[in-house]
Amino acid sequence: MMSFLELYQRSLLAGILTAISTAVMGVHVVFRRMAFFGDAIAHVGFAAAAIGVILGFSSFFSALILCVLVSLLLGRISRRSVGEDAAIGVLFSLTMAVGIVLFSVAKKQRSLTSQLFGDVLTVTNSDLLYLLIITGIVVFFNIFFKDALVHFTFDEDFTRLMRPKIDLVYQLFLVILAISVVVGVRTVGVILVSAFLIIPASTATISLKDYRWAFILAPLLSSISVVLGLFLSLGIDAPPGALMVLVQGAMFFATLFLRR
């Protein structure tokens, strides 16, 4: 009984930390219309984890390194190329295929399932430490730079004039976004991590006129979905990650309906 309670507490803490880090970064993702970007990074992490398994490296750190590099590359493409959507779409599909093939060749079906769907009920103390560190970095980063990034989104030329180092801040944002996605994959999987980025942030931004409050409401809504998802999973024996996303979706459509 005691071990079950400890497992549940660890899962709840992991889910809430994932909710906070992804939702806060998700507000920027929604403002900058980068939803497809987050999905692409998650799929790159999937392929990188497979490469790590094949070569005998840590799947987490191999995913982390490659995702950071690819996020910087995609950031440059999205700023300078006309066909960035096509480039991201190709990357999205290819990395998914590479990951599936490599996991299958390595006979790691369990790792494949874990990467695709995550498992918040099996997080370890190391996972919690990674989540705690990245959540702290996300909060710290946004305390100092969220206004600059939002201004950069809506008036790039003026922000460059007022903040000459804004490009460096944007690159740092891409790195932190990639790390947030990689850590979130461990909890909710490649398929659902983009929902944690997009749905709570979208719900918050359509609910509020002042964007600053979205950085508080989004993680709050996401955290509520984690608690409700875990609670429902105990009752109906369904994957908690999927239930969390269903709760987030219900919040989003309820908000749309109430606004009318």
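Could you work out the Rg to Rh ratio of segment 149-260, with Rh taken as the Kirkwood radius (inverse of the mean 1/r over all Cα pairs)? Don't jump to the answer; show the numbers that get you there.
On the way: Rg = 16.6 Å, Rh = 15.7 Å.
Rg/Rh: 1.06.
Starting from 0.36 nm per residue, how many nanometres of slack lie between ILE137 and ILE51 once their C-alpha separation is accounted for?
Numbers: separation 86, 0.36 × 86 = 30.96 nm, distance 2.71 nm.
My answer for the length gained is 28.2 nm.
Size of the dipole of segment 144-260 about the Cα centre, Lys and Arg at +1 and Asp and Glu at -1 on the beta carbon, nothing else charged, in debye to 20? Kindly include the intermediate steps, with their values, before the conclusion.
Numbers: 9 positive and 7 negative charges, 31 e Å.
For this selection, approximately 140 debye.
What is the sum of charges around ARG212, taking Lys and Arg as +1, Asp and Glu as -1, for the other residues whose C-beta is under 13 Å from the C-beta of ARG212? Let's see the in-between values first.
Working: positive: LYS146, LYS209; negative: ASP147, ASP210.
Around ARG212, the charge tally is 0.
Using 1/(1 + (r/R0)^6) with R0 = 35 angstrom and r between the beta carbons of MET162 and LEU69, what's the FRET efficiency to the nearest 0.05? Walk me through the numbers on the way to the answer.
Values: r = 30 Å, r/R0 = 0.85.
Efficiency for this residue pair is about 0.75.
Could you tell me how many cubic angstrom of Cα convex hull volume the chain has per residue?
Numbers: hull volume 34.6 nm³, N = 260.
Expressed per residue, the convex hull around the Cα atoms of the chain is 133 Å³.
For the chain, return all DSSP H helices satisfying: extent of Cα atoms along own axis at least 20 Å; mean Kyte-Doolittle hydropathy at least 0.5.
Correct list, ordered by number: 2-31, 35-55, 59-80, 84-105, 125-154, 166-207, 211-236, 240-259.
Could you please report the charge total around ARG186, scoring K, R as +1 and D, E as -1 over all other residues with beta-carbon less than 12 angstrom from its beta-carbon?
Overall, the nearby charge balance is -2.
Could you please state, rounded to a whole Å, how far the C-alpha centre of segment 119-137 is from the C-alpha centre of segment 35-51?
Comparing the Cα centres of segment 119-137 and segment 35-51, I get a distance of 19 Å.
Please tell me the relative contact order of segment 167-248 in percent, rounded to the nearest whole number, where contacts are Cα pairs under 8 Å and at least six residues apart. Show your work: numbers first, answer last.
Numbers: 56 pairs, mean separation 20.3, N = 82.
Relative contact order for segment 167-248 comes out at 25 percent.
Using a Förster distance of 22 Å, how high is the FRET efficiency between SER104 and ALA35, based on the Cβ-Cβ distance and rounded to 0.05? All intermediate terms of the calculation are to be shown ahead of the outcome.
Numbers: r = 29 Å, r/R0 = 1.30.
Computed FRET efficiency for SER104 and ALA35: 0.15.
Every read-out reported here was derived from the displayed coordinates using simple, explicitly stated rules and does not represent laboratory data. From a predicted model like this one, the values you see are computed outputs, not experimental measurements. Cβ: placed from backbone, ideal geometry, glycine included. Neighbour counts: every protein chain shown.
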